[in-house]
Amino acid sequence: FFALAMNVKMYENPILKGNIEKLKKYGYKFIEADEGLLACNYVAKGRLKDEKEIVDEIERFFLYSEIENYSNLLSGKKVLVSSGRTREDIDPVRYVTNNSSGKMGYSLAQAAVDLGADVTLVSGPTELKEPSSLKKFIRVNSAEQMYQEINREFKDTDIFISCAAVADYKPKEYHNEKIKKAEGNLIIEFVRNKDILFEMGQVKEKQFLVGFAAETNDIKENALKKLRKKNLDMIVANSAFNMNSNENAIEIIKKDETSQEFSQKSKQELAYEILKVVANEINNKNKNNK
Ligand code: C5P
């Protein structure tokens, strides 16, 4: 492992980049530098990553390097992940949102990078740090903004993993000024947001679609309904009570409605398990098409 730290001009030098690519082919790993104040007084990319993140990257390596053929599992694949909650504004100071932490989606984006994919992450508000080595990181607030970004990226995507907890409703009206309190109750009318995953299911061509179903009851039954209705290739069913936790237990249901259960483990470990199943499905699909 090389944890990089240097002057930005050296960092961007094509000779250095070429040497890094060469070393990667021999199995060396590179932990990219962060942006920030450099020793030479520039504010640019070239700062050594935080020690905790360096340790995290090395620890993750011990998880995914167990996977057979890990470095080729998703190489050349374009993966789009939506993650986090959305925020629907009522007025300049108030909004409605939900409990999603974004941990599962961020773990999936990071795992896809680790397994060789080009990853774009579209994220609603979260308190999490951006995963490393993404191709693109797009921040949004509302469901409508998330729809616009996903829709733009979707054409050029091989695998779309819809992990975001998108608000189903938004306030019918946005008040430009703060709503004043008055006597009696306040009634706010809500209207439906677009179901982003459903919309992508309608226009999909080559894309492999993965949905999530966080349920409080009848988990499998509800997940199956969504798999069919949204035209998905796979759905990950789980309990909504795990939304904010570091761990989860899941059941992966495939298009043919066969399923596989994974017991309670970290969202990071589950992310590799989910992507292993996705890669396997895509390989089988390609073999059958030949
Ligand atoms: O129908 P339900 O919201 O339970 O479905 C969950 C799945 O649909 C998740 O994959 C979620 O990311 C996606 N979804 C969406 N847009 C919405 C609501 C849900 O993409 N407005």
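Results, tabulated for the structure shown:
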read-out: Rounded, prolate or oblate (a/c below 1.5 giving rounded, otherwise prolate when a/b exceeds b/c) for the chain by Cα gyration tensor; value: oblate
read-out: Cross-link table 178/267; 225/267; 29/230; 204/287, entries beyond 30 Å C-alpha to C-alpha; value: 178/267; 29/230
read-out: Percent RCO, i.e. relative contact order, over the chain, from Cα pairs under 8 Å lying at least 6 residues apart; value: 14 percent
read-out: Beta bridges by DSSP in the chain, antiparallel share as percent, to the nearest 5; value: 45 percent
read-out: Å² of accessible area per residue within the chain, as computed with a 1.4 Å probe and no ligands counted; value: 57 Å²
read-out: Residue-averaged [θ]222 nm for the chain, counting only DSSP H segments that reach four residues, each worth -39500 (n - 2.57); value: -10500 deg cm²/dmol
read-out: Label point distance in nm, residue 239-residue 99, each placed 7 Å from Cα along Cα→Cβ; value: 1.2 nm
read-out: Fraction of accessible area attributable to carbon and sulfur, the stretch 2-49 (%, probe 1.4 Å); value: 57 percent
read-out: Cβ crowding within 10 Å averaged over residues, with 27-37, 207-217 ranked highest first; value: 207-217, 27-37
read-out: Cα centroid separation, the stretch 1-77 to the stretch 232-289 (Å); value: 28 Å
read-out: Relative packing of peptides 117-127, 168-178, 40-50 - highest average C-beta neighbours within 10 Å first; value: 117-127, 40-50, 168-178
read-out: The chain - charge dipole about Cα centre, Lys and Arg +1 at Cβ, Asp and Glu -1, debye rounded to 20; value: 740 debye
read-out: C-alpha center-to-center spacing [the stretch 176-194, the stretch 102-120] in angstrom; value: 37 Å
read-out: Largest to smallest accessible area among 195, 91 [probe 1.4 Å]; value: 195, 91
read-out: Net charge of neighbours whose Cβ lies under 13 Å from the Cβ of residue 232, counting Lys and Arg as +1 and Asp and Glu as -1; value: +2
read-out: Within the stretch 189-290, percent of DSSP bridges classed antiparallel, to nearest 5; value: 65 percent
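The values are calculated or read from the model by the stated rules, or taken from the named source; none is laboratory data. Quick caveat, the model's predicted, so the values are computed rather than measured. FYI the Cβ positions are ideal-geometry reconstructions off the backbone, even for glycines, and counts take in every protein chain you see. SASA here: full protein model, heavy atoms, side chains in, ligands and nucleic acids out. Shrake-Rupley method; radii C 1.70, N 1.55, O 1.52, S 1.80 Å.
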